[in-house]
Amino acid sequence: MRTITLGRTGLEVSAVSLGCLPIQRVPMDEAVRILRKAYDSGITYYDTANRYTDSEEKIGNALSDVRHNIIISTKTGATDKATAQKHIENSLRMMKTDYIDIIQFHNPKGLPDRNDPNSPWAAFDEAVKKGYVRYCGITNHSADTAKAAVLSGDYDTVQYPFSYISTEKEVALTELCKEHNVGFIAMKGLCGGMLTNSAACYAFARAHDNVVPIWGVQTMEELEDWLELEKNPPELSDEIMAVIEADRAKYSGDFCRACGYCLPCAANIEIPTAARIETLLGRAPWQQYMDDASYDKMHRIDNCINCRACASRCPYGLDTPALLKHMLAFYDAFYHAHGGTRGLDNV
Ligand code: SF4
Ligand code: SF4
């Protein structure tokens with residue numbers, strides 16, 4: 001397995017590394033089997049978060065006996081010192097380890113104040129003294145915040161969404177990280193499931209030598225797919241570039257990345273699904289969105305009170321209420337064109 005140096009941490013991590021959010025959805029036994037297979041196949045870097053329910057516990061159960069052969073990063077979304085301390089101690093317990101390689105501030109709205117004695121930084125500093133953590137990183141969905149983090153000089157790593165539909169500004173962020181020797185951890189390499197050609201996603205990531213992609217897997221097959229790509233790496237061939245260009249054309253402009261940061265919604269709308277329904281219906285099996293439950297979920301959009309809390313939280317600056325209205329109109333047209341009968345009295 002190739003390795004990539006994670007910026008100034010000097011940590012050498014496997015070129016195929018794992019984002020451990022999806023293993024929350026897998027029963028414990030199977031998650032342990034997948035993580036162990038990953039380790040046995042040479043994967044040495046695992047990223048998780050305090051917020052990912054039992055993900056840390058699964059890592060602990062699968063890998064605590066080989067802890068010193070792997071690199072672990074986790075995250076705290078705390079905005080104060082005391083909560084951040086609790087999160088760090090809980091992560092240590094869950095992962096059955098006595099140290100965390102990288103603790104990351106989890107998608108803060110702005111950069112926590114380095115000099116505030118009550119900020120998560122204070123928890124980090126104490127944790128370093130106790131030997132609980134080694135390096136500090138930040139995750140974000142705002143390119144401006146990520147850039148500010150790099151320029152601050154305070155962060156060893158930045159974790160940011162990165163795929164072949166990333167903008168030029170986002171590609172420039174990877175270069176800035178290289179220049180400042182900050183590790184770049186790439187989440188959402190499939191853009192939250194919007195991109196379906198794993199070879200194209202892999203080839204794009206591989207073309208950026210300081211980028212450490214963390215692929216989310218929840219089945220053995222998905223894991224094997226990434227391992228196979230690393231064994232027989234695809235190039236950015238004409239064929240793959242055609243896939244990339246087609247997707248770039250399709251997803252240029254504003255679209256929902258399914259990050260979920262707009263939630264909760266006062267009208268209980270499942271925004272990450274509803275705001276992407278046009279794309280989801282364009283893929284088989286669209287039939288799963290034709291039942292009464294799906295119809296009712298989409299029609300929660302009728303109850304939107306236009307509070308705009310979602311729009312104010314969207315890191316991509318989307319006009320979420322307007323996007324949802326467009327998606328509902330698209331859904332209704334698709335639903336009725338495919339034989340759906342609900343709401344026909346009203347159309
Ligand atoms: S504006 Fe509508 S969709 Fe957005 S949070 Fe408020 S109720 Fe929900
Ligand atoms: S609307 Fe914005 S915040 Fe909400 S899921 Fe989509 S991209 Fe994320």
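In the set 41, 64, which member is surrounded by 15 or more Cβ atoms within 10 Å (Cβ to Cβ) and among the small types (Gly, Ala, Ser)? Even if it seems obvious, please write down each step before you answer.
Values: 64 fails: surrounded by 15 or more Cβ atoms within 10 Å (Cβ to Cβ).
On inspection, the qualifying residue turns out to be 41.
The C-beta contact set for segment 18-32 (first residue under 11 Å from residue 54 (Cβ atoms), second residue among the aromatic types (Phe, Trp, Tyr) and assigned to a loop (DSSP other than H, G, I, E, B), distance under 7 angstrom, 6+ apart or interchain) comprises 20/52; 24/52. Restricted to segment 295-305, and to residues there that are more than 25 Å from the chain's Cα centre (by Cα) and closer than 17 Å to residue 272 by Cα, the residue that is nearest to ligand 1 (Cβ to nearest atom) is 304. How about segment 1-59: which of its residues are closer than 22 Å to residue 260 by Cα and of a type in the set (Asp, Glu)? Once the filter is applied, which keeps residues that are closer than 22 Å to residue 260 by Cα and of a type in the set (Asp, Glu), segment 1-59 yields 47, 54, 56.
Would you check which residues across segment 178-237 are in contact (Cβ under 8 Å) with a residue 40 or more places away in the chain, surrounded by 17 or more Cβ atoms within 10 Å (Cβ to Cβ) and either assigned to a strand (DSSP E or B) or acidic (Asp, Glu) (or both) and list them? Across segment 178-237, the qualifying residues are 183, 184, 185, 187, 211, 212, 213, 214, 215, 216, 230.
Would you be able to say whether some residue in segment 163-174 is under 17 Å from the mean Cα position of the chain (by Cα), buried (at least 24 other Cβ atoms within 10 Å of the Cβ) and part of a loop (DSSP other than H, G, I, E, B)? Yes; the residues of segment 163-174 include at least one that is under 17 Å from the mean Cα position of the chain (by Cα), buried (at least 24 other Cβ atoms within 10 Å of the Cβ) and part of a loop (DSSP other than H, G, I, E, B). The single condition among (1) within 14 Å of ligand 1 (Cβ to nearest atom); (2) out of contact with any Leu (no Cβ under 8 Å at 6 or more places or on another chain) that residue 275 does not meet is (2). Screening 258, 274, 293, 266 for residues that are among the aliphatic types (A, V, I, L, M) and more than 15 Å from ligand 2 (Cβ to nearest atom) leaves exactly one candidate, 293.
Just to be sure, is residue 274 surrounded by fewer than 17 Cβ atoms within 10 Å (Cβ to Cβ), over 30 Å from residue 157 (Cβ atoms) and not aromatic (Phe, Trp, Tyr)? Show your work before the answer.
Details: surrounded by fewer than 17 Cβ atoms within 10 Å (Cβ to Cβ): no; over 30 Å from residue 157 (Cβ atoms): yes; not aromatic (Phe, Trp, Tyr): yes.
So residue 274 does not fit the description; no.
List the pairs whose first member sits in segment 256-282 and is more than 14 Å from residue 191 (Cβ to Cβ) and among the aliphatic types (A, V, I, L, M), whose second member is within 6 Å of ligand 2 (Cβ to nearest atom) and part of a loop (DSSP other than H, G, I, E, B), and whose Cβ atoms are under 6 Å apart, counting only residues at least 6 apart or on separate chains? Listed by first residue and then by second, the contacts come to 271/262.
Taking residue 313 as the residue in question, decide whether it is without any contact (Cβ under 8 Å) to a residue 40 or more places away in the chain, basic (Lys, Arg) and either closer than 19 Å to residue 261 by Cα or within 14 Å of ligand 1 (Cβ to nearest atom) (or both). Give the steps one after another, and end with the answer.
Values: without any contact (Cβ under 8 Å) to a residue 40 or more places away in the chain: no; basic (Lys, Arg): yes; either closer than 19 Å to residue 261 by Cα or within 14 Å of ligand 1 (Cβ to nearest atom) (or both): yes.
No; evaluated as a whole, the condition is false for this residue.
Among the residues making up segment 279-290, those that are more than 13 Å from ligand 2 (Cβ to nearest atom), surrounded by fewer than 17 Cβ atoms within 10 Å (Cβ to Cβ) and part of a helix (DSSP H, G or I) are 286, 287, 288. The one condition from (1) modelled with pLDDT of 95 or more; (2) touching a Cys at 6+ places or on another chain (Cβ under 9 Å); (3) closer than 24 Å to residue 262 by Cα that residue 87 does not meet is (2). Would you point out the residue of segment 309-347, among those that are within 16 Å of ligand 2 (Cβ to nearest atom) and modelled with pLDDT under 90, that is surrounded by the most Cβ atoms within 10 Å (Cβ to Cβ)? Residue satisfying both the conditions and the ranking: 315. Looking at (1) more than 16 Å from ligand 1 (Cβ to nearest atom); (2) at pLDDT 95 or above, can you tell me which one residue 246 breaks? The single condition residue 246 does not satisfy is (2).
Going residue by residue through segment 267-278, is there one that turns out to be of a type in the set (Val, Ile, Thr) and within 23 Å of residue 108 (Cβ to Cβ)? First the steps, then the outcome.
Let us first name the residues in segment 267-278 that are of a type in the set (Val, Ile, Thr), namely 269, 271, 273, 277.
Imposing the further condition that a residue be within 23 Å of residue 108 (Cβ to Cβ) reduces the set to 271.
Checked against the condition, which is being of a type in the set (Val, Ile, Thr) and within 23 Å of residue 108 (Cβ to Cβ), segment 267-278 yields at least one hit.
Evaluate the following for residue 131: is it crowded, with 23+ Cβ neighbours inside 10 Å and assigned by TED's automatic domain parsing to the domain that holds residue 192? Outline the logic, then answer.
Values: crowded, with 23+ Cβ neighbours inside 10 Å: no; assigned by TED's automatic domain parsing to the domain that holds residue 192: yes.
So residue 131 fails the test.
The values are calculated or read from the model by the stated rules, or taken from the named source; none is laboratory data. Predicted, not measured: the structure shown is a model, and the values here were computed from it. Cβ atoms come from the backbone with ideal geometry, glycine included; neighbour counts cover every protein chain shown.
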